[in-house]
1. A:L252 is checked against (1) buried (at least 19 other Cβ atoms within 10 Å of the Cβ); (2) in a helix (DSSP H, G or I) and fails just one. What number does that condition carry?
2. Find the residue count for segment A:113-124, including only residues that are open to solvent by 20 Å² or more (accessible area, probe 1.4 Å) and either among the aromatic types (F, W, Y) or on the phi > 0 side of the Ramachandran plot (or both).
3. May I ask you to list the residues in segment A:126-180 that are more than 14 Å from chain B (Cβ to nearest Cβ), farther than 25 Å from A:T58 by Cβ and either among the aromatic types (F, W, Y) or open to solvent by 60 Å² or more (accessible area, probe 1.4 Å) (or both)?
4. Take the residues in segment B:181-211 that are touching a residue at least 60 places away in the same chain (Cβ under 8 Å) and touching a helix residue (DSSP H, G or I) at 6+ places or on another chain (Cβ under 6 Å); name whichever of them is farthest from A:G198 (Cα to Cα).
5. Considering each of B:S86, B:S108, B:S70 in turn, give the residue that is hydroxyl-bearing (S, T, Y), more than 14 Å from every other protein chain (Cβ to nearest Cβ) and either open to solvent by 30 Å² or more (accessible area, probe 1.4 Å) or under 28 Å from A:L132 (Cα atoms) (or both).
6. Residue by residue through segment B:111-128, note down the ones that are out of contact with any Leu (no Cβ under 9 Å at 6 or more places or on another chain) and of a type in the set (D, E, K, R).
2 protein chains.
Amino acid sequence: MSGDGSESTTWALRVAYDGAPFSGFARQEGQDTVQGRIESAVSTALRHDVEVVGAGRTDTGVHALGQVVSFTTEADVPDAEMLRRSLNALVGEGIAVTELRRARPGFSARFDAVSREYRYRIVASPVQPLFLAGLAWWTNAWLDVPAMAEAALPLVGEHDFRSFCVTSSAEGVSTTRAVERVWIEPAVELGEHCLVVGVVGNAFLHSMVRVIVGTLVEVGRGARRPDWVAEVLEARDRRAAGPTAPAHGLTLWRVDYPDEAFES
Amino acid sequence: MSGDGSESTTWALRVAYDGAPFSGFARQEGQDTVQGRIESAVSTALRHDVEVVGAGRTDTGVHALGQVVSFTTEADVPDAEMLRRSLNALVGEGIAVTELRRARPGFSARFDAVSREYRYRIVASPVQPLFLAGLAWWTNAWLDVPAMAEAALPLVGEHDFRSFCVTSSAEGVSTTRAVERVWIEPAVELGEHCLVVGVVGNAFLHSMVRVIVGTLVEVGRGARRPDWVAEVLEARDRRAAGPTAPAHGLTLWRVDYPDEAFES
């Protein structure tokens, strides 16, 4: 360790945000983005320009409970909790910095993530949600939950998820991803009933969870049979799948890393 | 039954609302209130001026999941579900009409209520809540939940709750109320940890639940001992109790009526 402050350290922030006010996670010139807000906060707190890397590039309107963001700095950080509170104050409304941990040198929130969990809320009722209005997709349709659960089974495992990817991928870029788990469960949040579709995987294609949800809802409302989902997967064509579910129902729930990613 | 439409019918609406945008429940000239919005919606839908009565006059900022509102009309209501949807559309943002039931003649949402349940959310953590920010009182203090539960015990039963009432009551008006149940439990809502203080009683004085919560939090943070609450009750003086907890943590959760209050 050199005492002159030139030793760089790498940090991982866990952040929660409401997707509604932001033009997504990824920094864009002239737009209010989560990455832009965090970079500005970290740069102000540490008094030099800092670039941050996020575990998931959430789209406009998508929320996060456990997004993870990393950055490297040569600035001294004598008190991590004090820095977390400063960042929390500096990022402004709609974002909360919930944790700050020292990471091993070279840590990347994006490349070191071993799994990501997304949760999607649906309110299937003739009665609109009030407290969940901005946090769930409201549909008047009655949904057959066991049929949706059956339909989700073929998604588990390593597959080419091209049918579930909104942007056409560049030549030679793999659209194979490994989904560990998909589940559908009824829940009560803030006193309102909803369905939660949870998906855990190593990584996700653009809008993949939202297309999975849109596809499962086609089965849930009886427009398709559960075994249709295996055909959709096989087709490797976005047009084969159901619609993209709206952004505001989706939350990046948590991101996992190996224990050794962090300083103990 | 007369066929000329002059037979009046009485209706009970269940409504949910976000307290933030409204100047409370009770109608006030020139203010955006929940009662004002509902009266305007019902009057528009039924094409005559209608006054509505609410089970609880929630203060500015207080939310409701299960507020009940009654009104009487001579207008024909051929399809209650269609009326509910119209009202839901007419009340505008921040209010949801979740149920419409035909009540017995003379029914009053206020006077026929046999019990009211309020829930108060507290986030006790150095980390601020994000999704619960507008729905919970955030305090940095660590709270001793068993001490709070012990402190709440003397509140159960029929007592003079004058110490827990914010407005000075008029001469001769009773401040005796019956509290059926008070409980404190940890909960997870929208992925964020909170404490819920629940209170069920026959009726409540102005700000009574918020003063109860403010008083229990004094015990929870160690400023007072649990047996202090019995002294507060005994004092019959608002100055004896703890502070009034902020409005945005409170939700009017449900209101109960005898089964015979409604047409079957």
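1. Checking A:L252 against (1) buried (at least 19 other Cβ atoms within 10 Å of the Cβ); (2) in a helix (DSSP H, G or I), the one that fails is (2).
2. 1
3. Scanning segment A:126-180 gives A:W142, A:P146, A:E150, A:L153, A:E171, A:G172.
4. B:V199
5. Going through B:S86, B:S108, B:S70 in turn, just one is hydroxyl-bearing (S, T, Y), more than 14 Å from every other protein chain (Cβ to nearest Cβ) and either open to solvent by 30 Å² or more (accessible area, probe 1.4 Å) or under 28 Å from A:L132 (Cα atoms) (or both): B:S70.
6. The one that is out of contact with any Leu (no Cβ under 9 Å at 6 or more places or on another chain) and of a type in the set (D, E, K, R): B:D112.
So that you can scan it fast, the table gives a plain yes or no per residue for (1) buried (at least 17 other Cβ atoms within 10 Å of the Cβ); (2) of a type outside the set (V, I, T):
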{"position": "A:T215", "(1), (2)": "yes, no"}
{"position": "A:V219", "(1), (2)": "yes, no"}
{"position": "A:R225", "(1), (2)": "no, yes"}
{"position": "A:E234", "(1), (2)": "no, yes"}
{"position": "A:R238", "(1), (2)": "yes, yes"}
{"position": "A:T244", "(1), (2)": "yes, no"}
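The values are calculated or read from the model by the stated rules, or taken from the named source; none is laboratory data. Nothing here was measured: the structure is a model prediction, and the numbers come from that model. All Cβ positions, even for glycine, are placed from backbone atoms using ideal geometry, and neighbour counts span all protein chains on display. For accessibility, only protein heavy atoms count, side chains too; no ligands or nucleic acids. Shrake-Rupley method; radii C 1.70, N 1.55, O 1.52, S 1.80 Å.
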